[in-house]
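The values are calculated or read from the model by the stated rules, or taken from the named source; none is laboratory data. None of the values given here were measured: they were computed from a predicted structure. In this analysis, Cβ positions are derived from the backbone assuming ideal geometry, glycine residues included, and neighbour counts consider all displayed protein chains. Each accessible area value is taken on the protein alone, full model and side chains, heavy atoms only, with ligands, DNA and RNA left out. Shrake-Rupley method; radii C 1.70, N 1.55, O 1.52, S 1.80 Å.
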Amino acid sequence: SAKLHTLAKAAGKLYFGTATDNNELTDTAYTAILDDNTMFGQITPANSMKWDATEPQQGVFTFSGGDQIATLAKTNGMLLRGHNCVWYNQLPSWVSSGSFTAAQLTSIIQNHCSTLVTHYKGQVYAWDVVNEPFNDDGTWRTDVFYNTLGTSYVQIALEAARAADPNAKLYINEYNIEFAGAKATSLLNLVKSLKAADVPLDGIGFQCHFIVGEFSGPGLQTQLSTFAAQGVEVAITELDIRMTLPSTPALLAQQQTDYNSVITACMNVESCIGVTVWDWTDKYSWVPNTFSGQGAACPWDQNFVKKPAFNGIAAGF
Ligand code: XIL
């Protein structure tokens, strides 16, 4: 039966991977599938490398959760994506509600990124250094970083990450850039300006949290190519394709088509280096907790049975 990472490699990609989370690793039926490095060649921690998990109080770093995922990746011979250094969400309140001068917040970002990336130096293929900087209308998110530092926080974070681990690929990761629009345009302009200023940036992550039947593969392919043309690699970093519950055979069939289209889009763009699903089983998907009434977004169901979506992925590589 098909092994997705093996298929991805044979098709010239670097990996097929998945997000996972620490609380899932006590589920031995889950880890029996997760630990198969022919199925998954890459791991992303869904939560345990975020700021609230890694620096809950200023200057107090806790890496136990992240280390568990890093060890799992290493033990299984899987690539690791670091997620993430700077994001408006899951920020401890000492950051989000702090009132800092520009100089203070600069050194807070530098210390956080530097300590985090240094801790995992040599273990991480790529870091999502900046996550979700834009609103859907293409304006910058007015979080503590932007409000205090303007757009310069992006450069501050990227430079700190580069200095900490020169071999890690540095990414900006975003959603709703998988189709043409104001948000994709703003991010593209940011990439152009960072490149023009020689700011270290290696990749753009396309999250790809999609809705069954609503997404167009050719649009994604165009966006992947458009960003890649700026001299960055691109990756599908958080793929899932949700539906309004209950699932039906028709919805599952459309989901298979949609998963296949995502893989095809990545296949058709040489600089698209790999695909990560945002967990492989509906049992641990973030979707039902975030989008009320929706779910069934992953390629395996809640009982770890492969869905038609699995075949859509396998056929795409
Ligand atoms: C999600 C996690 O999967 C959830 O467990 C958590 O409660 C919220 O965050 N975009 C991202 C990810 O970049 O970090 C988010 O992960 C999903 C959306």
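At a glance:
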item: Heavy-atom accessible area per residue - region 216-315, 1.4 Å, Å²; result: 37
item: Surface accessible to a 1.4 Å probe, per residue, for the residues of region 1-100, Å²; result: 39
item: Which listed pairs, of 9/192; 183/283; 50/169; 13/169, have C-alpha distances above 22 Å, in listed order; result: 9/192; 183/283
item: Residue-normalised accessible area of region 129-206, expressed per residue, 1.4 Å probe, Å²; result: 36
item: Accessible surface of the chain, 1.4 Å probe, proportion on carbon and sulfur as whole %; result: 50
item: Charge dipole magnitude, Cβ of K and R +1, D and E -1 - region 103-208, Cα centre, debye nearest 20; result: 240
item: Highest average packing first - 129-135, 22-28, 267-273, Cβ atoms within 10 Å; result: 129-135, 267-273, 22-28
item: Calculated log₁₀ intensity ratio I(q)/I(0) where the Debye formula runs over C-alpha points of region 21-67, q = 0.22, 0.23 Å⁻¹; result: -0.80, -0.84
item: For residue 132, net neighbour charge (Lys/Arg +1, Asp/Glu -1) across residues whose Cβ lies under 11 Å away; result: -3
item: Per-q log10 I(q)/I(0), the chain, q = 0.08, 0.10, 0.11, 0.16 Å⁻¹ (Debye; single scatterer per alpha-carbon; no solvent); result: -0.33, -0.53, -0.64, -1.41
item: Value of relative contact order over the chain, rounded to a whole percent, pairs C-alpha under 8 Å and six or more apart; result: 16
